[in-house]
Each structure stands twice: as C-alpha cells, then as structure tokens.
Amino acid sequence: MNQHLFIFSTPSPSVMPLENQPAQILARQGYHLVGCAAVKPCLWLNRAMRGGDQCYKHHFYGISSHRCVQMTPTLECNHLCLHCWRPIDEPAPASEPLEPGPLLDGILLGQKKFLSGYGGAKTTDPARLAEARQPKHVALSLMGEPTLYPYLAELLDLIRRRGMTSFLVSNGTNPDVLEGLRPTQLYMSLNAPDEELYRRVCRPSRDLWPRILQSLEVLGEHRCRSVVRLTVARGLNLERPADWARIIAQGEPDFVEVKAYMHLGRSRDRLSREAMPCHEEILQFSRELGEALGYDLQADVPLSRVALLSSRRVNRLLSEEDLFRM
C-alpha cells in the first residue's frame with residue numbers, strides 16, 4: 001500500500017496527464033484532494049467566518065459551521081442520483097486509499113490552507129477565525145460513499161481520539177460496514193419509499209435495494225444517534241408520505257430530515273428548476289410524514305428548505321462537548 005500523502009494542486013492543462021484529468025476538474029471546483037479523499041469548504045463556513053448565519057447542522061444539532069471540516073474519505077460512489085449536484089458524472093481520480101493517519105493529516109492541512117485566506121480580510125470575524133483553526137467536527141458528507149473506504153472504522157476512531165465529533169452520511173448500500181461503525185451521528189440517505197422509485201432516483205450500479213433494507217435494520221440497532229435523510233423533488237419523490245413512514249419506521253431513527261432538492265451544479269442536467277420544492281411544500285410534506293410516523297416537527301430552516309422531525313428519544317440540541325462524550 002502506498003502510504004505517501006498525495007495532495008493535488010491544479011497543474012497546467014498542457015502538462016496534465018490524461019489519467020489525472022478528473023483530479024484537475026475537481027481541483028478547479030475547489031476540492032483539495034488527498035489521495036482518494038477530499039476536503040472542500042462549504043458556503044456556510046464562508047458565511048460563518050464573516051460573522052453571518054450558520055448551516056442547518058448548527059440550528060438542528062449545535063454544530064458550529066466555522067469549526068466543521070467537510071470531507072470524504074473516498075470519491076467513489078455506487079449511486080448516480082438524479083438530484084446530486086456534485087460532479088458524479090466524472091470518473092473519480094485513480095489513487096490507492098491512504099491509511100487513516102495520513103488521510104486525516106492531509107484533510108486537516110487542506111482545511112488549514114483554506115482558512116489562511118481569511119487572515120487578512122477585514123470582513124473576517126477574528127474570534128471565529130481563532131476557533132476555526134481548532135476544528136471540532138468532521139462531516140463525512142462531501143462526495144462519494146464513505147463506506148467504500150476500507151479503513152472507515154479506524155478513521156472514525158481516529159477522529160474521536162483527536163477530540164473531534166463525526167457525522168457520517170451513507171447511502172446504506174453497505175450494511176455490513178455500517179454495522180461495525182460508531183460515528184457521533186449516523187445519517188442514512190433514503191431517497192425513495194420503494195424499490196421501483198429507488199431505481200429511478202438513485203440509478204444504482206446494480207441491485208442494491210435489499211442492502212438498503214438491511215441498513216435500516218442496522219440503523220435501528222445502532223449505538224449512536226441516527227438520522228434518516230430525505231432529499232425530495234417535486235414530481236419525483238415528494239409524495240406518498242404514508243409509504244415513506246412505513247419504510248422509515250424500519251430504521252427507528254432518532255431524527256428524520258426532509259430536505260428540498262436544490263437546482264444546482266450537475267443536477268441541472270438531469271432535473272428542471274420546477275423540480276425544486278418551496279419551503280412550504282417541505283413543511284407540509286414533513287407534517288404529513290410526521291403524523292404518519294409519530295414524530296414531531298421540531299425545527300426548520302427556510303433558507304436551506306429543510307425540516308427536522310424528532311422521535312423525542314434524544315436531545316437534538318447538544319453542545320459539541322456533549323456530542324463528543326456520546
């Protein structure tokens with residue numbers, strides 16, 4: 001195994017080897033590549049660094065956007081979801097997976113480089129910049145399917161030992177992997193209430209629906225906080241809340257997030273702007289889903305068009321220190 005730390009920059013197209021063109025595309029889009037992994041600052045980090053509002057994870061769970069590292073341990077994915085705005089149509093850069101230590105070191109170095117640009121800006125909040133230099137949270141949600149990374153359990157353990165919390169987002173296609181993991185909070189993205197619609201929305205590489213059902217069972221037995229996350233689009237899967245409730249109930253998640261499809265990035269080639277629900281539609285669907293599921297509508301963030309349903313089994317608003325102790 002190659003244990004060297006690979007951090008890609010953006011070389012000139014004239015010297016870029018053909019096999020590295022996917023890396024060049026991602027680097028131009030702001031991804032900092034570390035072998036098969038990547039880190040990229042989100043728009044909410046930028047707003048938070050300027051003293052502005054923070055993302056829904058702050059409003060729902062108390063996570064500070066400027067102290068959050070958004071990354072992925074792998075760029076590979078076995079779904080090609082219609083609503084995904086990431087560059088999933090491009091082949092992932094070929095690289096051997098790094099072990100957790102070099103990978104996390106490279107990710108944190110990339111985050112540090114991003115933050116260096118805020119040091120001389122008059123609009124930067126100095127207190128938040130100081131805090132941002134000591135990240136407290138890692139969101140494994142950037143791109144790709146994290147359970148395809150062979151050392152995911154060890155990576156999550158390393159994140160914890162370094163004093164940071166972790167939110168892991170998975171599409172549920174590898175239940176055997178999920179069963180052995182313990183992030184601070186486990187998200188399972190569920191994009192359809194049945195197999196037929198799942199195949200249409202997620203466009204899986206092969207028959208993966210039975211694995212989705214197995215992952216819901218794993219979710220119900222998990223030792224960490226759990227979330228089922230729905231990304232819904234008008235005319236596609238923003239319908240049949242009772243059917244959604246029946247399948248979500250199999251996982252007995254602590255929370256359910258209902259997020260509107262946003263007409264951004266590569267998804268614009270697959271879905272029209274009319275597929276993007278307004279926040280009122282999200283709230284109405286969430287109320288109907290909550291009623292069928294027996295969950296309460298706990299919070300919503302209109303700017304992000306997202307709503308949170310809670311089972312009331314756990315406290316949704318915890319300090320980062322409380323999350324770390326879980």
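The values are calculated or read from the model by the stated rules, or taken from the named source; none is laboratory data. Nothing here was measured: the structure is a model prediction, and the numbers come from that model. Cβ coordinates were reconstructed from backbone atoms using ideal geometry, including for glycine residues, and neighbour counts include every protein chain displayed.
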Selected residue (criterion: surrounded by the most Cβ atoms within 10 Å (Cβ to Cβ)) from residues of region 259-304 that are acidic (D, E) and within 30 Å of G30 (Cβ to Cβ): D300
Can you tell me which residue within region 146-168, out of those that are out of contact with any Pro (no Cβ under 7 Å at 6 or more places or on another chain) and touching a residue at least 60 places away in the same chain (Cβ under 8 Å), is surrounded by the fewest Cβ atoms within 10 Å (Cβ to Cβ)? G163
Does region 232-281 hold any residues that are of a type in the set (G, A, S), out of contact with any helix residue (DSSP H, G or I) (no Cβ under 8 Å at 6 or more places or on another chain) and on the phi > 0 side of the Ramachandran plot, and which are they? G265
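So that you can scan it fast, the table gives a plain yes or no per residue for (1) more than 14 Å from K40 (Cα to Cα); (2) aromatic (F, W, Y); (3) surrounded by fewer than 18 Cβ atoms within 10 Å (Cβ to Cβ):
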| residue | (1), (2), (3) |
| --- | --- |
| L75 | no, no, no |
| P102 | yes, no, yes |
| I107 | no, no, no |
| K113 | no, no, yes |
| G119 | yes, no, yes |
| T123 | yes, no, yes |
Out of (1) under 19 Å from Y261 (Cβ atoms); (2) in contact with a Ser or Thr (Cβ under 7 Å, 6 or more places away or on another chain); (3) aromatic (F, W, Y), the one Y198 does not meet is (2)
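Might you let me know whether region 146-158 holds any residue that is of a type in the set (S, T, N, Q) and under 25 Å from L289 (Cβ atoms)?
No, every residue in region 146-158 fails to be of a type in the set (S, T, N, Q) and under 25 Å from L289 (Cβ atoms).
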Restricting attention to region 105-127, report how many residues are out of contact with any strand residue (DSSP E or B) (no Cβ under 8 Å at 6 or more places or on another chain), within 24 Å of T72 (Cα to Cα) and assigned to a helix (DSSP H, G or I). 4
Regarding region 237-251, can at least one residue be identified that is within 17 Å of the chain's Cα centre (by Cα) and buried (at least 22 other Cβ atoms within 10 Å of the Cβ)? no
Which condition does M143 not pass, out of (1) within 19 Å of S64 (Cα to Cα); (2) surrounded by 14 or more Cβ atoms within 10 Å (Cβ to Cβ); (3) of a type outside the set (S, T, Y), if it passes all the others? (1)
Checked against (1) closer than 15 Å to V177 by Cβ; (2) at pLDDT 95 or above, C224 satisfies every condition except (2)
